[in-house]
Amino acid sequence: MKYSVIVCDDDEVLAKNLAKNIKYAVSNFTDDNPVYENIEINLELVATTFEQVVSYVVANDIQNAIYFLDIELSQNSEAKNGVDLAEFIKKQDPNA
């Protein structure tokens, strides 16, 4: 089974740090563990905006992914936020 991981945080430094920690955890989780030899986990996208994630998910028909989403994706209260993104994702990727 293959799983994609997508990270979205408007703070690029935090997004990259989270991605680095995810890569580290996945490598330690799966290395030399035969239970997980048929599971593939790939960090597919580190994004900083709602639009980046939407575009990527639609263009690549992402399914069964694991998402790490910031709730406040902008200082603008009228902008789309992480909850809006989660709702979009659930429609596109029902098993997310």
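Nothing in this text is a laboratory measurement; each read-out follows from the coordinates by a stated rule. Predicted model, so just to flag it, every value in this text is computed and none were measured. In this analysis, Cβ positions are derived from the backbone assuming ideal geometry, glycine residues included, and neighbour counts consider all displayed protein chains.
Overview of values
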quantity: D (Stokes-Einstein, µm²/s), Kirkwood Cα radius, the chain, 1.306 mPa s at 10 °C; calculated: 114
quantity: Fewest-first sequence of Phe50, Phe29, Phe68 by Cβ atoms within 10 Å of each Cβ; calculated: Phe29, Phe68, Phe50
quantity: Inter-label distance, nm, simple model (7 Å from Cα along the C-beta direction), Lys91/Glu12; calculated: 3.0
quantity: Neighbour-count ranking [beta-carbon atoms within 10 angstrom, fewest first] of Glu40, Glu78; calculated: Glu78, Glu40
quantity: Theoretical ellipticity at 222 nm over the chain - DSSP helices of four or more residues, -39500 (n - 2.57) apiece, nearest 500; calculated: -13500 deg cm²/dmol
quantity: Using a Förster distance of 25 Å, the FRET efficiency for Asn21-Asn42 (Cβ separation, nearest 0.05); calculated: 0.95
quantity: Electrostatic dipole magnitude of the chain [Cβ: Lys, Arg +1; Asp, Glu -1; Cα centre; debye, to 20]; calculated: 160
quantity: Gain on full stretching of the segment that runs from Gln52 to Asn33 - 0.36 nm per residue minus C-alpha separation; calculated: 3.4 nm
quantity: Angle between the chain longest axis and helix 82-92 axis [Cα atoms, degrees, rounded to 10]; calculated: 60
quantity: Chain lengthening between Met1 and Glu78 when straightened (0.36 nm per residue, less Cα-Cα); calculated: 23.9 nm
quantity: Table column - 3J(HN,Hα) (Hz), the range 44-49, Karplus curve with 6.51, -1.76, 1.60, x for Gly and Pro; calculated: 8, 8, 10, 10, 10, 9
